[in-house]
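Everything below concerns the one structure shown next.
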Amino acid sequence: MDKIILAIESSCDETSAAVVKNGREVLSNVISSQIATHKQYGGVVPEIASRQHIEAIDWVIDKALEDAKIKKEDIDAIAVTYGPGLVGALLVGLSEAKALAFALNKPLIPVHHIEGHIAANYIQNKEWKPPFICEVISGGHTHLVHIKDYNEFEILGHTRDDAAGEAYDKVARVLGLTYPGGPQIEKISKNGDKDAIKFPRVLLENDSYDFSFSGLKSAVLNYVNKAQMKGEEIKKEDVAASFQQAVVDVLVEKAIKACKDLNIKKLALAGGVSANSHLRSEMEKACLKEGIELCVPDLVLCTDNAAMIGAAAYYEYLNGNVADMSLNAYPSLKLGER
């Protein structure tokens, strides 16, 4: 029997609601972005994010239901992101979801934000299923995960310091680019020489799947600072392209290593940084060379959205993971925790 889920996502600076059928078919996916607001501050301001979620939450839900041509009473369950994320932002979506679940007498499904990113691949490729390796790359997370089953995850590696997206934002700020930094770095890199500057590729121990981008970020900062102290002009495009290539080289090498070591011929990308066209291109080349099937979600499914939460929620629901009204927000929730 079909299961139709209304999903809510508000973990950071996008307020989103979606209606998803059977975890794979998106009937609607409405996103209200706050980028224009936070750009003037150079990053997300948590208090402002929370207030804007409150202003947008009812509208995005009504629009999602309208776009899906469905009434609230016809949905089978309410899903919501309950961590990780900004606590104030999470609480807005969580409070709304609990109110709807109570008023409509519908099951409440708690969804881990990173599980949502991983599940975006089930929307992208209707035939995609575990087991596979997934590299989750965003502003707050860089994870390499073995997806053993829809609800079974083994974290192979994670960032020991800065996440890839965080490094992008910090380097962009040093280069005088606007927030968010990732798209800006990617844009100017197209006019730069990726081999102009030899920035470090931090691979850590031979058997490690962990990531570390702090040293690379510091190397870029030092390069820019030294040039400024000497009064030398730097070519931002070359710095951006060389930095981006260093990040991409590490991401590709670690992902391919995990697939080969575990003898798994399926790799997926997820998270905001997976929207990067250079990363997608380099990963595609590496997978083609190694005979690995690659799945990368459409751009709208890479950034935060409720459709991915609805996809993950379907498998949580089938697994009997339903919460009561005591469900709280967990800003530091780790993948696999309940």
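For the structure I just gave you, tell me whether Glu237 is surrounded by fewer than 14 Cβ atoms within 10 Å (Cβ to Cβ) and assigned by TED's automatic domain parsing to the domain that holds Val171.
In short, no.
In segment 244-262, what residues are closer than 14 Å to Val145 by Cβ and in contact with a Gly (Cβ under 9 Å, 6 or more places away or on another chain)?
Result: Lys254, Ala258.
In segment 184-234, which residue that is surrounded by 17 or more Cβ atoms within 10 Å (Cβ to Cβ), part of a loop (DSSP other than H, G, I, E, B) and among the aliphatic types (A, V, I, L, M) is modelled with the highest pLDDT?
Applying the filter and picking the extreme gives Ile197.
Among what's in segment 51-73 and is in contact with a helix residue (DSSP H, G or I) (Cβ under 9 Å, 6 or more places away or on another chain) and of a type outside the set (A, V, I, L, M), pick the residue that is surrounded by the most Cβ atoms within 10 Å (Cβ to Cβ).
That would be His53.
Take Ile109 and decide whether it is within 22 Å of Gly157 (Cβ to Cβ) and either among the hydrophobic types (A, V, I, L, M, F, W, C) or outside the structural domain of Thr159 (by TED's automatic domain parsing) (or both).
no
Which of the residues that make up segment 154-177 are part of a strand (DSSP E or B) and either closer than 11 Å to Val220 by Cβ or at pLDDT below 95 (or both)?
Selection gives His158, Thr159.
The values are calculated or read from the model by the stated rules, or taken from the named source; none is laboratory data. Please read these numbers as outputs of a predicted model, since none were measured by experiment. Using ideal geometry, Cβ is built from the backbone for each residue, glycine included, and neighbour counts are taken over all protein chains shown.
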